[in-house]
Amino acid sequence: MSVGPERIAVAGPSITDREVELAADAARNAWFQDSYVYNRRFEQMVADYVGVDHAVSLSHCTAALHLGLAALGVGPGDEVIVPDVTWIASVAPVVYVGAEPVLVDILPDTWCIDPDAVEAAIGPRTKAIIGVDLYGSTCDWARLQAIADKHGLVLIEDAAEAFGSLHHGRRAGAFGALSAFSFHGSKTVATGEGGMLATDDPAIYHRILVLRDHGREPGDRFFQNHEFAFKSRMSAVQAALGVGQMERIDELIARKRAIFGWYRDRLGDLNGVAINAEPVGTENSYWMVTAVPDAAFGLDKFALMAAFDQRNIDTRPFFSQLSTLPALDDRPAAKRFVSPTDKGAHAATYGINLPSGYHMDEARVDRVGATLKEILAARRS
Ligand SMILES: *Cc1c(COP(=O)(O)O)cnc(C)c1O
């Protein structure tokens, strides 16, 4: 059997004995009157860190966006403006509540929703805007909020990929009427599956508590349901993992930034390759280090992934334009403001995410960086 170089995974968490100890304690003790102790601690730690009044632990970020839209009263007949390039979980909840997603272009540097494109897509049925902090970049929140205010729309922040990022002195997740985080095992803070909704609005907060628990008032002991709602609570064992992660949050974010720094040292001045941006006034927590080679190399993202795969390195494709996916085949209304020649198409066609999990050390980054240079150099000649 030949022994090639170790396979490098694309993503993965940092779990220490501390998280394991807390999870075990939750499994033993977070029952009876203590069943919510870990959830409450995790929620408070996230609210304090992000700088919001309320945070609610949920089964995943998809549920946070779903309950958030429901709490805001978004429903059939409404349109919600969303970026064309994001994970489908940013947009699926719009469909769950019976509203129509309206896709718009992204910016070529931060890869976040283009405020000009948002304004151009506003119509009489527009109810909300969802901005997505892609790969740790942050949206132009001041402009998006100004647009929302001017047109009487509600702004939602999908901060699933940007835990710990800073935008002009405020943390990702502190913008809009409400925000959503993911603690999926691949994300910056991991509980396996898990999510959180954050808001400063006490009415939204209360509504989420009801919606996530089958329409019961918080603390209801009499099983009196006022409506058909949803069931989207986080378990105590997951919350305990989250508490352990939040105890280490500064270390986790520093590690993500260090991993990006090692990549930047190797790829930052590589001709014809763009990497994650960090505009003045922002600090990117770099969920996924992302490389977007010029079209001139003649390698689309799937060809590039295959080349890395042959060299035992896992990568991910940049999110595709949702408007090109089969899931949107029967939604012409969703696609009326986008086209395959949009600004976002380049990254969506040629970009890949490089291994960015907490298993990455400088030696592994060295190997991935050298591999990218080798693959591209072969195309240059
Ligand atoms: C991961 C992710 C989600 C969904 O998170 P889940 O916890 O898996 O539901 C939503 N939006 C974006 C942008 C994501 O990357």
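None of the figures in this text is laboratory data; all of them are computed from the coordinates on show. No experiment lies behind these values; they were computed from the predicted model shown. Quick reminder, even Gly has a Cβ in these numbers, built from the backbone with ideal geometry, and neighbours come from all protein chains shown.
In the stretch 17-247, what percentage of the DSSP-assigned beta bridges are antiparallel, given to the nearest 5? Don't skip to the end; give the middle numbers.
Values: 14 of 31 bridges.
The antiparallel proportion sits near 45 percent.
As a footprinting exposure proxy, order Lys231, Lys343 by other Cβ within 10 Å, with the fewest listed first.
Lys231, Lys343
Considering only Gly261, Met305, Gly357, whose Cα is most displaced toward the positive end of the charge dipole of the stretch 249-380, charges sitting on Cβ of Lys, Arg (+1) and Asp, Glu (-1)?
It is Met305.
Isolated Cys in the chain by the 4.7 Å beta carbon test?
So far as the 4.7 Å Cβ criterion goes, Cys61 stand without a partner in the chain.
What GluC sites (Glu not before Pro) does the stretch 211-320 have in DSSP loop regions with at most 11 other beta carbons within 10 Å? List each step's numbers first, then the result.
Working: sites: Glu227, Glu247, Glu251, Glu283; in loops: Glu227.
Loop-located and lightly packed - Glu227.
In debye to the nearest 20, how big a dipole does the stretch 249-380 give about its Cα centre with +1 on each Lys and Arg Cβ and -1 on each Asp and Glu Cβ?
Dipole about the Cα centre, nearest 20: 280 debye.
Taking 0.36 nm per intervening residue step and subtracting the Cα-Cα distance, what contour gain separates Asp294 from Asp366 on full extension?
On the way: separation 72, 0.36 × 72 = 25.92 nm, distance 2.16 nm.
Taking 0.36 nm per residue and subtracting the Cα distance, the gain is 23.8 nm.
Just the Kirkwood number for the stretch 89-166, please: inverse of mean 1/r across all distinct Cα pairs, in Å, one decimal.
12.9
Take the stretch 1-115, drop everything but the C-alpha atoms, weight them equally and run the Debye formula without solvent; then report log10 I(q)/I(0) at 0.11, 0.23 Å⁻¹ to two decimals.
After summing over all Cα pairs, the log10 values are -0.64, -1.25.
Return the ratio Rg/(2.2 N^0.38 Å) for the stretch 227-362, where Rg is computed over Cα atoms only.
1.32
Output the DSSP H helices from the chain with an along-axis C-alpha extent of no less than 24 Å and a mean Kyte-Doolittle hydropathy no less than 1.6.
None pass (Cα extent of 24 Å or more, hydropathy at least 1.6).
Any of Lys187/Lys256; Lys127/Lys335; Lys231/Lys256; Lys301/Lys373 with alpha carbons more than 21 Å apart? Name them for me.
The answer is Lys231/Lys256.
Expressed as a rounded percentage, what relative contact order does the stretch 17-247 have, with Cα pairs under 8 Å and six or more residues apart?
It comes to 27 percent, rounded to a whole number.
Once fully extended, how much extra length lies between Ile249 and Ala9, figured as 0.36 nm per residue of separation less the alpha-carbon to alpha-carbon distance?
On the way: separation 240, 0.36 × 240 = 86.40 nm, distance 2.22 nm.
Residue separation times 0.36 nm, minus the Cα-Cα distance, leaves 84.2 nm.
At a 10 Å Cβ-Cβ cut-off, how would you order Ser356, Ser232, fewest neighbours first?
Fewest-to-most ranking of Ser356, Ser232: Ser232, Ser356.
Compute log10 of I(q)/I(0) for the stretch 86-130 with the Debye formula, placing one identical point scatterer on every Cα and leaving out solvent, at q = 0.21, 0.26, 0.29, 0.32 Å⁻¹, to two decimals.
-0.76, -1.06, -1.18, -1.26
Given labels modelled 7 Å from the Cα in the Cβ direction, how far is it in nm from Arg336 to Lys231?
The answer from the label model is 4.0 nm.
Whole-Hz ³J(HN,Hα) for each residue in the stretch 271-287, computed from phi via Karplus 6.51 cos²θ - 1.76 cosθ + 1.60 with θ = phi - 60°, x for glycine and proline: what do you get?
4, x, 10, 9, 10, 3, 8, 9, x, 3, x, 10, 10, 8, 8, 6, 3
About its Cα centre, what dipole magnitude does the chain give when the only charges are +1 on Lys and Arg Cβ and -1 on Asp and Glu Cβ, stated in debye to the nearest 20?
So the dipole magnitude of the chain works out to roughly 480 debye.
Expressed as a whole percent, how much of the Cα-Cα distance distribution for the chain exceeds 28 Å?
46
Assuming R0 = 41 Å, can you tell me the calculated FRET efficiency for the pair Ala377 and Ala203, based on Cβ-Cβ distance, to the nearest 0.05?
Step by step, r from the Cβ atoms, then E = 0.10.
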